[in-house]
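Novice: Take a look at this one; I'll ask things after.
The values are calculated or read from the model by the stated rules, or taken from the named source; none is laboratory data. All of these numbers come straight from a predicted model, not from anything done at the bench. Positions of Cβ are generated from backbone atoms using ideal geometry, with glycine treated the same way; all protein chains shown enter the neighbour counts. Just so you know, the surface numbers come from the protein's heavy atoms only, side chains and all, with ligands and any DNA or RNA stripped out. Shrake-Rupley method; radii C 1.70, N 1.55, O 1.52, S 1.80 Å.
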Amino acid sequence: MKIRINQMEEWAALVRHSETMRSVHMRDLFGKDPQRAGRFSQEACGLFLDYSKNRITEETFALLLELGAAVNLTEQIQAMFSGERINVTENRPVLHVALRNRSNRPVVVDGEDVMPAVNAVLERMRAFAAAVRDGSWRGFTGKRIRNVVNIGIGGSDLGPYMACEALKAYSSRELLVRFVSNVDATHFYEQTRDLDPAETLFIVASKTFTTQETMTNAQTARSWLLDALKDEAAVASHFAAVSTNAEAVQAFGINHENMFEFWDWVGGRYSMCSAIGLPIMISIGPDNFDSMLDGFHAMDLHFLESPLQNNMPVILALLGVWYNNFMGAETHAILPYDQYLHRFAAHLQQVDMESNGKSTGRDGGRTAWQTGTVIWGEPGTNGQHAFFQLMHQGTRLIPADFIGFSRSLNALGDHHDKLMANFFAQTEALAFGKLREEVEAEGTAAELVAHKTFAGNRPTNTIMAEELTPYVLGALMALYEHKIFVQGAVWNVYSFDQWGVQLGKVLAGRILNEFAAGEEKDIAVAHDPSTAQLINRYRQQRRK
Ligand code: F6P
């Protein structure tokens, strides 16, 4: 699409509006409008979003919606769901929504409905997961599988790892599910050192089945297994693969029956509902996995069918655009008040930053506006004792999403009330701060008054659900996936490629060869002086 969003009238209107909004305090917005909380709230798919603690007025929201309309957001959403090749630079449709299309409505790619294939893989996953869980899948020596180790990285690791942690309360505690991603051998070593190979099943998860880290860890896993079981035939009982690349899976020596397929129209970071979710299904069981898919699907439909002003992913996305492009924010914190969600921000980091971390627009020109936000976060209350100081009193504007639940999955004493009291207190403090007069009225020494004053006016969204269930996790994940889609649509970047990770991969391959073969003088020619110095130092020290 040939558009320069910063030359649109809708953009200019937001620039002008932001100038007036910079001096507006949320304290005044709430003071003037008691209905504000109700009006800036939205409920969908078991999630309640209160976005009233933002530096917005009705006018801001209307202008943001106009920007959404100006970039044909509704049409762009429909284009994704209908299977158009919106991943232009890779010439692929983007159809993670088909993976959880519980309605089974046909989704056509190249004249063929993909739903029968999606359902067939899900069926095979169900049978496999059930066999591992009930013990009918045996290891080579006849022992039951007690450990499942997923080997993958990026989208083939972060989503399933996040979900296995998030849904641990629903998992079979008989099975240990672990994740190895880093090519650092420490990761493989520490994740397997206490496991019995005869009881261990590896799932090698890689869309391409060429990723250096994953292939290295998979080879190491193979040797680790064969060192113990001493028979090549053992691989068939201890390895499964998830990939789009059947040939490479076969070349690795994994039986076709143990391979679970997915398709090039599923982006790695959007793949957790595909066979990449196999460790999740093994951990929580097929029924819980299905209800996670139901949650995803419910949010997909909400996104597809709701008008923009009531559309939760659209609302979150436009608020993000507001801060990123008009109010000078650079990062966005994700703060789940639930320990089970301790990998949630890490997963979102990839989904968001790999999707929208682009500076070339769809017209091939450089974007003259900020795009992808820096996403980060940790669970509360831990974050409060780490980085919240900067959020409350630092010089930067850091919008944040607070995610919390009315009921704990581990109701112990008054822990949950304390957790949630902190949850509510933080957004209140961030929004309203503490006035100089209030600090003075407490009898604070004059020289400390400024230090103890909180300016407030720090924006937050609050997302609440009754309980962290598989359904709710699915809805929450889909909410963020679609938020990212909307932001990519507004910023006019291609959200579904990731060319930026290629250069480092190519250079690493070249340097790896140089460790073994390169002459010092050749390295000096091949690299800049800094990199050459570092490589040569490494080569000398590792020889010692
Ligand atoms: O390097 C980035 C990336 O391509 C991600 O997009 C992807 O999720 C990850 O590597 C792993 O890729 P694969 O599943 O093909 O091993």
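Novice: Roughly how tilted is helix 115-134, in degrees to the nearest 10 and between 0 and 90, from the longest Cα axis of the chain?
Specialist: 70
Novice: Also, I was wondering about something else. For segment 182-195, just list the computed ³J(HN,Hα) in residue order, Karplus coefficients 6.51, -1.76 and 1.60, θ = phi - 60°, integers in Hz, with x standing in for Gly and Pro.
Specialist: Along segment 182-195, the couplings run 6, 6, 4, 4, 4, 5, 4, 4, 5, 7, 10, 4, 9, 9 Hz.
Novice: So, one more: Expressed as a whole percentage, what fraction of the accessible surface of segment 157-243 belongs to carbon and sulfur atoms when a 1.4 Å probe is rolled over the protein heavy atoms?
Specialist: C and S fraction of accessible area: 46 percent.
Novice: Using a 10 Å cut-off on Cβ atoms, rank the peptides 320-328, 141-149 from the highest mean neighbour count down.
Specialist: 320-328, 141-149
Novice: Can you work out D for the chain in µm² s⁻¹ from Stokes-Einstein, where Rh is the Kirkwood radius over C-alpha pairs, the temperature is 4 °C and the viscosity is 1.567 mPa s?
Specialist: Values: Rh = 25.3 Å.
In µm²/s, the coefficient rounds to 51.
Novice: Moving on. So, for segment 233-372, what is the accessible surface per residue at a probe of 1.4 Å, expressed in square angstrom?
Specialist: Details: 3990 Å² over 140 residues.
Solvent-accessible surface per residue comes out at 29 Å².
Novice: Quickly rank 510-518, 429-437 as a protection proxy: mean count of other C-beta atoms within 10 Å, highest first.
Specialist: Sorting 510-518, 429-437 by mean packing, highest first, produces 429-437, 510-518.
Novice: Right, another one. Over segment 1-138, average the accessible area per residue using a 1.4 Å probe and give it in Å², no decimals.
Specialist: 47
Novice: Restricting to bridges with both residues inside the chain, how much of the DSSP beta-bridge set is antiparallel, in percent to the nearest 5?
Specialist: In the chain, DSSP labels about 30 percent of beta bridges as antiparallel.
Novice: Also: When Rg is the radius of gyration of the Cα atoms in segment 168-319 and Rh is its Kirkwood radius, what does Rg/Rh come to? Intermediate values should be presented prior to the final figure.
Specialist: Numbers: Rg = 18.3 Å, Rh = 17.5 Å.
Rg/Rh for segment 168-319 comes to 1.05.
Novice: Now for a different question. At a 1.4 Å probe, what is the % contribution of carbon and sulfur to the accessible area of segment 1-114? Numbers along the way, then the final one.
Specialist: Numbers: 2720 of 5460 Å².
Its accessible area is 50 percent carbon and sulfur atoms.
Novice: Taking a threshold of 32 Å on the Cα-Cα distance, which of the pairs LYS207/LYS483; LYS32/LYS452; LYS207/LYS418 fall above it?
Specialist: LYS207/LYS418
Novice: I would also like to ask the following. Beta carbons within 10 angstrom, averaged per residue: use that to sort the peptides 176-182, 104-110, 342-348, highest first.
Specialist: By packing density, highest mean first, the sequence is 342-348, 176-182, 104-110.
Novice: Express the carbon and sulfur contribution to the solvent-accessible surface of segment 424-537 as a percent, rounded to the nearest whole number, probe 1.4 angstrom. Numbers along the way, then the final one.
Specialist: Numbers: 3270 of 5480 Å².
It is 60 percent, rounded to a whole number.
Novice: Would you mind getting the accessible area per residue of segment 486-542, heavy atoms of the protein chains only, 1.4 Å probe, in Å²?
Specialist: Per-residue value: 60 Å².
Novice: In percent, how large is the relative contact order of segment 144-232, given Cα pairs closer than 8 Å and 6 or more residues apart?
Specialist: On the way: 115 pairs, mean separation 35.3, N = 89.
With pairs under 8 Å counted, the relative contact order is 40 percent.
Novice: While we're looking at this one, here's another question. Using amide H atoms built 1.01 Å from N in the peptide plane, name the residues 5+ places from GLY377, or on other chains, whose amide H lies under 5 Å from its own.
Specialist: ILE334
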